[in-house]
Structures are given as C-alpha cells and as structure tokens.
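A quick write-up on the structure given underneath.
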Amino acid sequence: LKDAPIILLDEATSSLDADTEHKIQEAIMYLTKNKTTIIIAHRLSTVLRANKIFIIENGKVVAEGNHDYLLENSKIYKNFYNKQLRPH
C-alpha cells in the first residue's frame with residue numbers, strides 16, 4: 001500500500017473465499033495501523049472490527065457505530081448480521 005494518511009478500499013475482499021478474506025483482512029489491519037481507512041463492503045465480516053461502521057440505505061446514513069452498538073441498536077444491521085454471520 002502507498003504510504004498515504006488515508007486509505008480507501010472498495011469491496012477489496014468481495015470475491016475471496018472466507019480463509020483468504022481473513023488473511024487479507026489481517027494484512028490490511030497491519031498495513032493501515034495509525035491511518036484513516038475507509039472500507040466499502042457488503043460483507044459484515046469485512047468491517048466487524050472497524051471503529052465506526054456506517055449503514056447506508058437509499059444514499060443516506062441510517063445508522064452508525066461499532067459492531068456491538070449497531071447489533072444492539074440497529075434493526076437493519078442486526079438483520080444483516082443474522083443473515084450473514086449468525087451461526088445457524
């Protein structure tokens with residue numbers, strides 16, 4: 001990654017299998033330490049450890065917070081979580 005103060009990743013892991021995605025996420029966390037990183041993703045697994053997650057619906061921010069806050073306070077986020085990550 002370029003040594004820039006702000007990093008933008010748009011669907012950087014969307015076409016990867018779960019194991020490869022996890023390895024790439026670990027590398028991204030290491031390489032972006034102490035940098036502002038904006039990650040655009042549809043997979044919640046990509047942003048679970050983010051300091052702040054924004055839920056955008058119809059072009060508007062409808063919820064924001066970290067994973068724990070959104071799971072408790074956002075029906076949209078909780079629905080995404082239940083569909084994508086909750087053990088069945």
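Quick check on the stretch 18-71: of everything there that is of a type in the set (Gly, Ala, Ser) and on the phi > 0 side of the Ramachandran plot, which residue is surrounded by the fewest Cβ atoms within 10 Å (Cβ to Cβ)?
Gly59
Which of the helices (runs of 4 or more DSSP H) contained wholly in the stretch 4-88 include at least 3 residues that are in contact with a Pro (Cβ under 7 Å, 6 or more places away or on another chain), among the aliphatic types (A, V, I, L, M) and free of Cβ contacts under 8 Å to residues at least 40 places away in the same chain?
Answer list for the stretch 4-88: none.
Identify the residue in the stretch 1-36 that is within 16 Å of the chain's Cα centre (by Cα) and among the basic types (Lys, Arg) and, among all such residues, is farthest from Ala50 (Cα to Cα).
Lys23
FYI, it's all coordinate maths here, none of it is from the lab. Keep in mind that this is a model prediction, so the values were computed, not measured. Ideal geometry is used to build each Cβ from the backbone, glycine not excepted, and the neighbour counts take in all protein chains shown.
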